[in-house]
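The values are calculated or read from the model by the stated rules, or taken from the named source; none is laboratory data. As the structure is a computational prediction, the values presented were derived from the model and not from experiment. In this analysis, Cβ positions are derived from the backbone assuming ideal geometry, glycine residues included, and neighbour counts consider all displayed protein chains.
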Ligand SMILES: [Zn+2]
């Protein structure tokens, strides 16, 4: 009997998500089982990927040229793929044509397209994920895979809706509403729709976080302070950095965890406090790993963590020597 080694003898793991109706939001993406932070939920290749023509100063993208590229890419797709694209939701602006499939394609592309750096792509699976101002998932474009990868940033329970953010989150509810207008919906996430005291507290935290990032990252350096004043200032900044990490955790802004932990690590390294510096650098590294194992940010945190560990070990050796 010959058994072909090429015979498919395994079934692929079941998808971690299902697309179904989300009350008040059209379709949404839901977890089919409990998902731990860092788990990759989906990897999506673009159905349409175009390289826009050069931007002209003061004019922006030549929209007609983009329209031609989109139409050409769309016409080359299979009927199933075309249907999938046309089933995406789009926010039609006042006065915008919405009669033919091509009109619709244009608004769909505007509402759902994602900038990968050099190109603009339409990712139909990721496009189904609804927005939250306190999302439980994040995403990253990974150039070497040619895919957009969505991963859990916090624990997601079976049946829970998966959410990402469409906008930067360090703004007040009012400012976020204004930014979300372009997508044509009013956010009803827990940060937006809760009691007034809760949204007020959330607004306040986000404002504090933004301020702290601005203040601390402005002077972020590994240089050890020499003067008494500089030392005092560095100690104050280390305290503020811990408060920043606390606020980001409290507000549940997973998109900013890695950035905040990095600030804490560097602020403590400046004080040559190698134990907290190592612990926070490693925390930041772990969060970065979830997004992309090989990104520049991940590598930076890996290097900082090992540098801080070496210093911490040297400190421990010196301590035990002086005790001996
Ligand atoms: Zn919201």
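Values computed for the structure shown
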read-out: Residue match in segment 154-173 (condition: within 16 Å of the ligand (Cβ to nearest atom), assigned to a helix (DSSP H, G or I) and within 21 Å of residue 212 (Cβ to Cβ)); value: yes
read-out: Selection within segment 97-117 - over 28 Å from residue 173 (Cα atoms), touching a helix residue (DSSP H, G or I) at 6+ places or on another chain (Cβ under 8 Å) and surrounded by fewer than 19 Cβ atoms within 10 Å (Cβ to Cβ); value: 97, 98, 101, 102, 104
read-out: Residue within segment 291-314 that is within 17 Å of the chain's Cα centre (by Cα) and under 29 Å from residue 189 (Cα atoms) present; value: yes
read-out: Any hit, segment 227-236, residues being within 27 Å of the chain's Cα centre (by Cα) and part of a helix (DSSP H, G or I); value: no
read-out: Among (1) closer than 22 Å to residue 19 by Cα; (2) under 28 Å from the mean Cα position of the chain (by Cα), the one test that residue 117 misses; value: (1)
read-out: Residue in segment 118-130 that is within 16 Å of the ligand (Cβ to nearest atom) and surrounded by 17 or more Cβ atoms within 10 Å (Cβ to Cβ) present; value: yes
read-out: Hits in segment 182-198 - residues which are more than 20 Å from the chain's Cα centre (by Cα) and not in a loop (DSSP other than H, G, I, E, B); value: 193, 196, 197, 198
read-out: Residue 206 within 14 Å of the ligand (Cβ to nearest atom), more than 30 Å from residue 96 (Cβ to Cβ) and at pLDDT 95 or above; value: yes
read-out: Segment 178-198: number of residues that are under 20 Å from residue 96 (Cβ atoms) and away from the ligand (no atom under 12 Å from the Cβ); value: 4
read-out: Among the candidates 117, 24, 38, residue that is in a loop (DSSP other than H, G, I, E, B) and farther than 30 Å from residue 203 by Cα; value: 117
